[in-house]
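*Asks:* Quick one: the structure is below, and I'll ask about it shortly.
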Amino acid sequence: MSMMQAARLHEIGGRFVVDQIPVPTPGPHDVLVKVAASGIIPNLKNVTTHFPEWYPFLPLPQLPAIFGLDTAGTGAAVGCAVTAFAPGDRVYVNPGIGCGECGHCREGDAPRCQAYTFMGYFGFGAGSQQVFKRYPYAGYGEYMTAHGNNLVRLPDCLSFAQATRFGYLGTAYAAIRKSALRPSQSVLILGASGTLGVGAALLALAFGASRVIVAARDRQALERLQAIDPKRVIAVPIGEQSIHQQVRALLPDGVDVMLDTLGAKAPTELSVDAMQAVTRGGRIVQIGGVAGPIPIDPHPFMCAQLQYIGSLWFSTREGEEMASMVESGILDLSHLEARAYALEQLNEALDDIQAQGNGFTNFHILHR
Ligand SMILES: [Zn+2]
């Protein structure tokens, strides 16, 4: 085992090529993971095609580069300083990593680090290239290295394929924690039919929300969401009537929490509309990245004591909490269906997810 296959991007806008490269050696604090499955996400094609132009402040790894976010597999070797993991352990790799030395990193809050970087995806700052140099491997290779602090141990009932969904789920998980949602409170999920939205609905139910109001255009997806828990999930179709009027017809005081999962291409007006459904003292958490700006009128915002919160990804500790929720049955991932591709089919899979992707289907690469 000295060489491995890895699908690499050689040029921006290009297709992935399966290359033979050496298997990496883990550093003292790292684990070498034999990759079983890695997620395929609708945004990856945008990242590898348009990001340098759209978001020049979000650096990509130097090419040729291995991509592949949300990876799960088995520990193959551990560095000399690793004590919490051993070869054979089933793990999810949280791809988010910071510099490891700033105040936020020391506090375990890497998403706030100036150098925060997703291994196998893109970074958020000038320090990201250094992180890419230390961790240039990712899920579209047969092996990858990751710091032990980035690994989430998987219970046996949680499959590698299901774990590739952890990025979206964790994003919603961290947002719900920041929203301080209490059991018995209500949540509005804007864009509930998407990959982020479906996960947010499952987690809102798991957190004990009394009402999970799901807003989306796709009527079929809304029916599917309602079928998960017909008593607590309420559909609000986007289209003819405004979102906030529909919500206030159900809950005259408004919802306690609004999770905005709309992506960059969605109309901003929907976000503005949905924000008016939030009750006094309520929280709005932004996790979708709809292309703003969004107008906020300070006086009513102040008087109603509303909060607008941004949330990015999730900590490895939060990943462990989700794994524990799956193990205990609190979080039910059986509503998601798996669609697997071989590594050689990666380019095809990236085309398919753009054409056929929906919030319930979990596209991923399954290594042999
Ligand atoms: Zn840092």
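*Asks:* Take residues that are among the polar types (S, T, N, Q) and tell me which of the helices (runs of 4 or more DSSP H) falling wholly in the range 151-206 contain 2 or more.
*Replies:* Because the criterion is at least 2 residues that are among the polar types (S, T, N, Q), the helices (runs of 4 or more DSSP H) in the range 151-206 that meet it are 166-179.
*Asks:* If a residue must be of a type in the set (G, A, S), open to solvent by 50 Å² or more (accessible area, probe 1.4 Å) and near the ligand (Cβ under 10 Å from one of its atoms), how many such residues does the range 101-135 contain?
*Replies:* So the answer is 1.
*Asks:* Something else now. Please go through the range 219-255 and give me each residue that is touching a residue at least 40 places away in the same chain (Cβ under 8 Å) and not β-branched (V, I, T), ordered by number.
*Replies:* A221, R224, L251, listed by residue number.
*Asks:* Taking the options V93, V33, V82, name whichever one is more than 12 Å from the ligand (Cβ to nearest atom), buried (at least 24 other Cβ atoms within 10 Å of the Cβ), more than 19 Å from the chain's Cα centre (by Cα) and not basic (K, R).
*Replies:* After ruling out the rest, the residue left standing is V33.
*Asks:* Follow-up. Being among the aliphatic types (A, V, I, L, M) and not in a strand (DSSP E or B) is the filter here, so list the residues in the range 263-286 that pass it.
*Replies:* Result: A264, A266, L270, V272, A274, M275, A277.
Here is a yes/no grid of residues against (1) within 20 Å of K178 (Cα to Cα); (2) modelled with pLDDT of 95 or more:
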site: A84; (1), (2): no, yes
site: R90; (1), (2): no, yes
site: V93; (1), (2): no, yes
site: C99; (1), (2): no, no
site: E107; (1), (2): yes, no
site: A110; (1), (2): yes, no
site: G120; (1), (2): no, yes
site: G123; (1), (2): no, yes
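*Asks:* Shifting gears a bit: Has the range 159-181 got at least one residue that is in contact with a Lys or Arg (Cβ under 9 Å, 6 or more places away or on another chain) and surrounded by fewer than 19 Cβ atoms within 10 Å (Cβ to Cβ)?
*Replies:* Within the range 159-181, one or more residues are in contact with a Lys or Arg (Cβ under 9 Å, 6 or more places away or on another chain) and surrounded by fewer than 19 Cβ atoms within 10 Å (Cβ to Cβ).
*Asks:* Can you say whether A215 is open to solvent by less than 20 Å² (accessible area, probe 1.4 Å), within 27 Å of L312 (Cβ to Cβ) and not in a loop (DSSP other than H, G, I, E, B), as far as the supplied structure shows?
*Replies:* So A215 fits the description; yes.
*Asks:* Please verify whether A77 is more than 11 Å from the ligand (Cβ to nearest atom) and open to solvent by 50 Å² or more (accessible area, probe 1.4 Å), treating the condition exactly as stated.
*Replies:* It is false that A77 is more than 11 Å from the ligand (Cβ to nearest atom) and open to solvent by 50 Å² or more (accessible area, probe 1.4 Å).
The values are calculated or read from the model by the stated rules, or taken from the named source; none is laboratory data. These numbers come from a predicted model, not from an experiment. All Cβ positions, even for glycine, are placed from backbone atoms using ideal geometry, and neighbour counts span all protein chains on display. Note: accessible area is taken over every heavy atom of the protein model, side chains too, but ligands, DNA and RNA are not part of it. Shrake-Rupley method; radii C 1.70, N 1.55, O 1.52, S 1.80 Å.
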